[in-house]
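The values are calculated or read from the model by the stated rules, or taken from the named source; none is laboratory data. The shown structure was predicted, so the numbers you read here are calculated from the model rather than taken from an experiment. Ideal geometry is used to build each Cβ from the backbone, glycine not excepted, and the neighbour counts take in all protein chains shown. Note: areas computed on protein heavy atoms with side chains; ligands, DNA, RNA excluded. Shrake-Rupley method; radii C 1.70, N 1.55, O 1.52, S 1.80 Å.
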Amino acid sequence: MTDDVLLVHGGNPLEGEIRVRGAKNLVPKAMVAALLGQGPSRLRNVPDIRDVKVVRGLLQLHGVTVRIGDEDGELILDPSHVESANVADIDAHAGSSRIPILFCGPLLHRLGHAFIPGLGGCDIGGRPVDFHFEVLRQFGATIEKHPQGTYLVAQQRLRGTRIELPYPSVGATEQVLLTAVLAEGVTELRNAAIEPEIVDLICVLQKMGAIITLGTDRTILITGVDELGGYNHRALPDRLEAASWACAALATKGDIYVRGARQLEMMTFLNTFRKVGGAFEVDDEGIRFWHSGGELKAIALETDVHPGFQTDWQQPLVVALTQATGLSIVHETVYESRLGFTGALNQMGAHIQLYSECLGATPCRFGARNFQHSAVVSGPSKLIGSELVIPDLRGGFSYLIAALAAEGTSTVHGIDLINRGYENFMDKLRDLGAHVELPGELPPVAAGEPSGELVDA
Ligand code: EPU
């Protein structure tokens, strides 16, 4: 498919302004939460990304009316007539996203049963869903796995329970929240994830009438209620997209104002960005990120659950680290296979060596299991344009950054994957002065070059 290929002519700084909207890792989940209400919900700041379209399709299959509101980026979701969906229709969404697993609790409450198709999402590790099914069993659901998907049944109202997650999983914490709010009695969740997107989901649920107490020690208490209403909510901004553009500014020696970015959810990223040699300035509307001049500095980096350094920030930052002087050490502790994308960076001229040992002190599940989850990045390296195939969402965006920082032209295959989580990324790249070209298009004209058009003298 030729329109899934992008030619990137690198070597120019990205400069200008772009805007980020609501977080990819909150918006689809807030849409699922609307299923729990008796009345319509209004979600604002919704980005136009594929995960939103997938959830919209699944909600509509279950009788939820979803329409675009008057405000830009507004969705109105009306779950007044929730109904069972045809299994074959649901199955058409198999492999599209990981969000369908979060329909379990709401559908069990509304219909007493649920069918969940095979899940999609990025190939950055095994990504099991064992915690999800275990907690649903604890609430009283019965689960049957079939080749085409999973059937769940609740013979009676689900009951609150005590849960301790083996790892603070974002998805499993959301599963508990979306199930416990309408379950009978109190649910105590220990070792919960507390990412900002989860706290925003708790705000959504509280607006609907839920009673949720967020402790300081990863404990969440949820008192089940009999009924929930709709909500009116503006989604928190996408801190992962904002950081991706910040890394693009750093790697290309550019200067990007990210309208919509917010300091509160990005504090850990901002500290690291500054240590590497990036500069930033926060104002009420967004954050400006730029390369502060001089050499970038090598750092030691470990990804972790919030409030640690978010794993989704790791891949774009590694591209910038290829331009830092010295040895950077990266220890990925959230996903076992999130460093595979570095092979292509080496092909472009980077020097990145992977290790299965834990190169850091953060407790990690992967060292003993021989996964190559640590890296040593030796820089600075001159990157040269190359042929690249996008492996996953963040890795894919990182390839775009590398191609923009490189000398010469890169051919990037599979760019459609980036639409899963980056709204209008082609327009944004062009707004920032990137020289990108879909095959068959006329090449972009650099500022000051004659356009070649005939003009009246
Ligand atoms: N895990 C299990 N069993 C489970 C669930 C998780 O072993 O049942 C493990 C995973 O294999 C992984 C770790 O726990 O090693 C963390 O997974 P988590 O459940 O926290 O991740 P997720 O909910 O599947 C969300 C985001 C990811 C983000 C992670 C971590 C969405 C749709 N996805 O995934 O985002 O990296 O939390 O913050 O919210 C991305 O945006 O590119 C992305 C991958």
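A few remarks follow.
- Checked against the criterion of being closer than 20 Å to residue 51 by Cα and either outside any loop (DSSP other than H, G, I, E, B) or not polar (S, T, N, Q) (or both), the candidates 417, 429 yield just one match: 417.
- Residue match in the range 239-260 (condition: under 27 Å from residue 75 (Cβ atoms), more than 16 Å from the ligand (Cβ to nearest atom) and not in a strand (DSSP E or B)): yes
- Subset tally (residues that are surrounded by fewer than 17 Cβ atoms within 10 Å (Cβ to Cβ), assigned to a loop (DSSP other than H, G, I, E, B) and within 14 Å of the ligand (Cβ to nearest atom)) for the range 99-143: 4
- The range 25-64, residues that are open to solvent by 20 Å² or more (accessible area, probe 1.4 Å), under 20 Å from the mean Cα position of the chain (by Cα) and of a type in the set (D, E, K, R): 44, 48, 50, 53, 56
- Just one of (1) in contact with a helix residue (DSSP H, G or I) (Cβ under 6 Å, 6 or more places away or on another chain); (2) away from the ligand (no atom under 14 Å from the Cβ); (3) of a type in the set (A, V, I, L, M) fails for residue 186. It is (1).
- Each residue in the range 282-328 was checked for being outside any loop (DSSP other than H, G, I, E, B) and more than 21 Å from residue 169 (Cα to Cα), and 21 pass.
- Positions within the range 312-337 being within 14 Å of the ligand (Cβ to nearest atom) and open to solvent by 10 Å² or more (accessible area, probe 1.4 Å), in sequence order: 312, 334, 335, 336, 337
- Restricting the range 357-389 to residues that are over 26 Å from the mean Cα position of the chain (by Cα) and among the aliphatic types (A, V, I, L, M), the residue that is least open to solvent (accessible area, probe 1.4 Å): 383
- Subset of the range 73-105 that is aliphatic (A, V, I, L, M) and touching an Asp or Glu at 6+ places or on another chain (Cβ under 8 Å) - its residue that is modelled with the lowest pLDDT: 99
- Test result for residue 273, within 21 Å of the chain's Cα centre (by Cα), free of Cβ contacts under 8 Å to residues at least 60 places away in the same chain and assigned to a helix (DSSP H, G or I): yes
- Condition broken by residue 199, with the remaining ones in (1) more than 19 Å from the chain's Cα centre (by Cα); (2) away from the ligand (no atom under 12 Å from the Cβ) satisfied: (1)
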